[in-house]
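Presented below is the structure to which this report refers.
The values are calculated or read from the model by the stated rules, or taken from the named source; none is laboratory data. Values in this document were obtained by computation on a predicted structure and should not be read as measured data. Cβ sites come from the backbone with ideal geometry, for glycine too, and all protein chains shown count toward neighbours. SASA here: full protein model, heavy atoms, side chains in, ligands and nucleic acids out. Shrake-Rupley method; radii C 1.70, N 1.55, O 1.52, S 1.80 Å.
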Amino acid sequence: MYHIDGTDYLKTPYYSKTRSLCPECLQRIGAEIYEENDQIWMRKTCPDHGDFKDIISSSAKYYKWTHYKTENWSFDKDGDANPPDCEITDKRGCPYNCGLCPEHLSTCSLALIDLTNRCNFNCNFCYANVQKAGYLIEPSLEEIDRIMAHFRNKPIPAPSIMFTGGEPTVRKDFPEICAMAKKHGFKEVIVATNGYGFQRKNGGLEWTKKVFEAGLDTLYFQFDGINNATYEKTRGIKNLMEYKQRVIENCRKAELTSIVLVATIAKGVTDIEIGNIIQYAIDNIDVVRGITFQPVALCGRITAEDMQELRITNADVIQEIDNQTGGKISIESAWYPLTTIVEWGRIIAYLADIEPVEFTCHPDCGFATYLAIDPETNEMVSIMDYFDPLKIIDFANKFWDKIKNKEKEPIKFFSSLLGDFGETLDKGVNWLDKQQLKARFLLAMLQHTKKPGKLMEMFSRVLIDGKWDSISAFTHGTLLISSMHFQDAYDFNIERVKRCIVHFGVAMPDGTVKEVSFCTMNTLHRPEIEKQVAKKLTEKVKNEFDTTMGYRVDEIDQEVAHNGGTIKDEEF
Amino acid sequence: MAEIDPESGLKLRKLTELKPTAAEEYQEAMLNRVDYFSKKRDSTFNSFVENTIVGSLKILLDLKVKVEEMLGDDNKEKVHEMIDKLLLFGL
């Protein structure tokens with residue numbers, strides 16, 4: 001596998017120490033990560049609640065590859081954190097001071113706002129549910145504006161934003177919120193959705209066009225498989241595939257061509273659908289840009305036995321992808337942690353004078369690969385067939401190490417001698433310097449590229465300018481497949497939390513914004529924060545949806561009336 | 001073609017058989033995106049300088065692939081190492 005085959009490192013059993021939480025009392029306790037039977041496990045002991053053990057990776061070999069370190073090589077990256085928003089007041093330290101405190105090591109790459117806890121579905125595992133909570137979580141436009149400003153006004157601003165919920169598209173002002181995000185300068189505006197607003201039989205297409213024009217870039221589209229029976233198990237709703245298909249069709253008609261299928265993977269429930277989802281994405285490549293598999297995070301109260309039955313790790317998911325694609329996307333060669341491209345991204349951003357995107361999360365957080373269809377063979381291949389990834393990464397790491405100081409200290413030779421005129425000369429010198437660096441970098445990337453063709457032409461554009469046009473066109477010629485494993489109290493690793501790059505923003509009643517890392521919010525802070533921002537729940541909101549069918553109660557009434565012949569509107 | 005899993009009764013698609021047009025569809029999706037951006041005045045796809053650089057890189061890459069075929073794996077490795085060192089030299 002990769003470049004660790006035959007090394008002593010691979011033969012030595014993995015062992016490290018970290019800190020975690022007790023799944024019962026959520027107190028911070030020590031934990032060990034160790035290798036057993038070719039798997040990686042976490043064990044920990046709470047003085048009050050006893051021993052706990054959970055699997056971290058079903059493949060010790062893969063886990064060890066992602067933790068492999070040499071002088072020039074490590075997937076554990078140093079992040080550039082923004083100045084902290086709060087001080088350490090709780091002596092127990094991370095994760096109890098989240099807001100963000102000085103212990104945090106990474107900046108935010110993806111800002112999240114929970115737009116509502118209303119939803120047309122009633123999935124039994126979901127934490128965001130107005131019916132179960134008994135209160136409404138729904139920030140006002142002024143509060144949303146405040147959260148966006150918080151993320152964009154930092155020294156390293158968040159480049160993208162995702163609206164979450166509940167189902168964000170049930171909000172009538174959703175198009176206005178998308179426009180607001182663009183106004184704040186977010187490059188990528190994303191909605192995590194089950195597709196509600198987009199699929200509506202009456203007005204869904206017009207609404208899709210409207211939100212696209214307002215600034216929505218991407219749907220992070222809940223997609224558990226292609227079988228109605230799977231949705232019945234996961235969502236408790238019958239015949240949902242037709243609903244999902246309408247979302248795809250309306251996006252296609254509206255030319256909204258950036259959909260990421262998001263599949264929550266639980267053992268014995270949705271893992272059988274992995275190959276189906278990849279095939280579905282290939283069939284709809286004109287609008288589907290990627291797939292994110294999310295091994296289920298078991299937040300909320302769950303017994304250790306139930307947890308073990310459902311638990312699936314990133315390694316299981318990529319092994320299943322290997323199995324269900326006939327070995328074409330191989331666990332042995334296709335996958336890299338998200339942090340792989342940190343230096344590479346920094347070089348492009350520096351040379352092209354654009355805002356960098358920092359994926360300085362923990363190596364355990366997620367893995368990704370690009371899939372392409374080779375025009376010569378019409379076969380599905382991993383993008384790794386097009387270039388030599390190890391060589392490219394190795395060169396990028398060394399290159400960045402040598403030029404990183406230029407970013408902070410540009411050449412100032414003439415300005416000290418000639419004042420203002422010298423400054424202009426120095427600008428010219430710096431520009432020339434960047435061009436020669438760019439030429440070196442491009443030539444290095446070129447020599448490790450294995451296949452010519454249109455896709456690699458587009459890749460060279462990404463290297464040259466790093467602009468959204470080039471990135472977007474490149475991603476339209478490929479399929480991004482990733483696996484993101486969010487944490488729960490059983491597998492919680494505080495070293496991962498400190499490096500989290502996905503942060504919730506919550507507008508607090510005192511006028512401040514609380515920024516909390518994703519896994520910490522869902523494992524620890526959500527109940528307390530929601531108590532502070534909860535609004536009163538009205539009967540109207542409570543009875544808004546028939547959550548066994550996924551439609552508004554008034555929509556169902558219309559359909560019944562129409563079928564009875566009282567409405568003659570052909571459009572319905 | 002979908003098969004039915006005997007245990008779960010679920011439909012399973014086999015990934016080994018892609019549509020004959022799959023590669024074309026991928027390429028078309030990418031080129032449609034280029035068209036979409038090209039209609040905007042400030043798009044990178046309308047930059048003469050960048051298009052020229054990309055064109056030159058394409059020629060270089062074609063040439064490089066052919067030269068490497070002649071070199072063989074061992075020699076290729078040595079050449080790569082040398083060029084990498086050269087490109088990092090003086091930084």
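Just a few scattered comments:
- DSSP bridge analysis restricted to the protein assembly as shown gives an antiparallel fraction near 60%, rounded to the nearest 5.
- Among B:Phe45, B:Leu31, B:Ser56 the positive-end extreme of the charge dipole of the range B:20-88 (Cβ point charges): B:Phe45
- Buried accessible surface for the B/A pair, both sides summed and rounded to the nearest 100, is 5000 Å² with a 1.4 Å probe.
- Sites listed here are GluC sites (Glu not before Pro) in the range A:168-276 whose DSSP assignment is loop and whose Cβ has at most 14 other Cβ atoms within 10 Å: A:Glu255.
- Each Lys and Arg contributes +1 and each Asp and Glu -1, all at the Cβ; summed about the Cα centre of chain A, the dipole is approximately 740 debye.
- Along the axis of the charge dipole computed for the protein assembly as shown (Cβ charges of +1 for Lys and Arg, -1 for Asp and Glu, origin at the Cα centre), the listed residues A:Leu310, A:Ala149, A:Val269 are led at the positive end by A:Ala149.
- Computed from label points 7 Å out along Cα-Cβ, the spacing between A:Glu332 and A:Arg92 is 4.6 nm.
- For the protein assembly as shown, diffusion coefficient by Stokes-Einstein and Kirkwood Rh (Cα), 25 °C, 0.890 mPa s, µm²/s: 92 µm²/s
- Remark: the range A:529-546, residue by residue, has Karplus-estimated 3J(HN,Hα) of 5, 4, 4, 6, 10, 5, 10, 5, 9, 8, 4, 4, 5, 4, 9, 5, 10, 8 Hz, where x stands for each Gly or Pro and the curve is 6.51 cos²θ - 1.76 cosθ + 1.60 at θ = phi - 60°.
- Overall dimensions of the range B:20-88 as given by Cα atoms, namely Rg and Dmax in Å: 17.5, 47
- Reach of A:Lys531 by Cα under 24 Å, taken over lysines that are not fewer than 8 positions away in the same chain: A:Lys91, A:Lys132, A:Lys514, A:Lys540, A:Lys542
- Debye log10 I(q)/I(0) for the range A:399-463, one point scatterer per Cα, at q = 0.12, 0.13 Å⁻¹: -0.45, -0.51
- Straight-distance crosslink candidates among aspartates and glutamates, where the alpha carbon sits under 18 Å from A:Lys233 and sequence neighbours closer than 8 are dropped: A:Asp224, A:Glu242, A:Asp271, A:Glu273, A:Asp306, A:Glu309, A:Asp546, B:Asp5, B:Glu7
- Evaluated with a Cβ-only charge set (Lys, Arg +1; Asp, Glu -1), the range A:75-200 carries a dipole of roughly 380 debye about its Cα centre, given to the nearest 20.
- Legend: calculated FRET efficiency, A:Asn72 to A:Glu376, from the Cβ-Cβ distance at R0 = 30 Å, rounded to 0.05, equals 0.30.
- Using 0.36 nm per residue and subtracting the Cα-Cα separation, the extra length available between A:Phe413 and A:Thr512 on full extension is 31.2 nm.
- Cα centroid of the range A:466-481 to Cα centroid of the range A:317-335, whole Å: 22 Å
- Rounded to 10°, Cα long-axis angle of helix A:204-214 versus longest principal axis of chain A: 30 degrees
- The charge dipole of the range A:404-467, taken about the Cα centre with unit charges on the Cβ atoms of Lys, Arg (+1) and Asp, Glu (-1), comes to about 520 debye, rounded to the nearest 20.
- Residues whose amide H lies under 5 Å from that of A:Tyr14, counting only those 5 or more places away or on a different chain, are A:Glu35; hydrogens are built 1.01 Å from N in the peptide plane.
- The spacing between the range A:3-57 and the range A:396-449, judged by their C-alpha centroids, is 45 Å.
- Extension gain (nm, one decimal) between A:Asp546 and A:Lys427, 0.36 nm per residue minus Cα-Cα: 36.5 nm
- Within straight-line cross-link reach of A:Lys11, lysines at Cα separation under 30 Å, skipping those fewer than 8 residues along the same chain: A:Lys44, A:Lys53, A:Lys61, A:Lys64, A:Lys69, A:Lys77, A:Lys267, A:Lys328, A:Lys391, A:Lys398, A:Lys498, B:Lys78
- On Cα atoms only, tilt of A:389-408 relative to the major axis of chain A in degrees: 80 degrees
- Angle in degrees between helix A:342-352 and the longest Cα principal axis of chain A, rounded to the nearest 10: 80 degrees
- Solvent-accessible area, 1.4 Å probe, carbon plus sulfur percent, for the protein assembly as shown: 53 percent
- For chain B, chymotrypsin sites (Phe, Trp or Tyr not before Pro) meeting the loop criterion (DSSP other than H, G, I, E, B) and having at most 11 other Cβ atoms within 10 Å: B:Phe89.
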